[in-house]
Amino acid sequence: MSDIVYLTVSGQQQGRLSAGCGIESSTGNLWQTGHEDEIFVFSLANSMSGTGKGAQFDGLRFC
């Protein structure tokens, strides 16, 4: 079973870029109270590879 993930995107000069992303007019009947300024993440992947001398974390990827 997967987790429900919400993402907030903010810029130093732009402010909150995800403002209003989760409101009813933006998402239809999938909106949830308390997450109006967040983005619902459908797929999130992370990866890690071995270098022989340790682990290399490649970061998160939103699919």
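Calculate the dipole size of the chain relative to its Cα centre from +1 charges on Lys and Arg beta carbons and -1 charges on Asp and Glu beta carbons; express the result in debye to the nearest 20.
The dipole magnitude comes to about 340 debye.
³J(HN,Hα) across region 29-44 via Karplus (A = 6.51, B = -1.76, C = 1.60, θ = phi - 60°), whole Hz, x for Gly/Pro?
Coupling constants for region 29-44: 7, 9, 6, 10, 4, x, 10, 5, 9, 10, 9, 7, 8, 7, 8, 9 Hz.
Positive end of the charge dipole of region 5-62 (Lys, Arg +1 and Asp, Glu -1 on Cβ, about the Cα centre): tell me which of 55, 19, 42 has its Cα farthest that way.
With unit charges placed on the Cβ atoms, the residue in question is 55.
Scan around residue 16 for amide H atoms under 5 Å from its own, H built in the peptide plane at 1.01 Å from N, and keep only partners 5 or more places away or cross-chain.
For residue 16, whose amide H was placed from the backbone, the distant partners under 5 Å are 11.
Counting other Cβ atoms within 10 Å, which trypsin sites (Lys or Arg not before Pro) in the chain have at most 14 and lie in a DSSP loop?
The qualifying sites are 53.
Using a 7 Å offset from the Cα along the Cα-to-Cβ direction at both residue 44 and residue 29, what is the distance between the two label points in nm, to one decimal?
Between residue 44 and residue 29, the simple spin-label model gives 2.7 nm.
For the chain, what number results from the quotient of the Cα radius of gyration and 2.2 N^0.38 Å?
The value comes to 1.49.
Every number here is computed from the coordinates shown, using simple stated rules; none is lab data. Everything numeric here is computed off the predicted structure, so don't read it as measured data. Cβ atoms come from the backbone with ideal geometry, glycine included; neighbour counts cover every protein chain shown.
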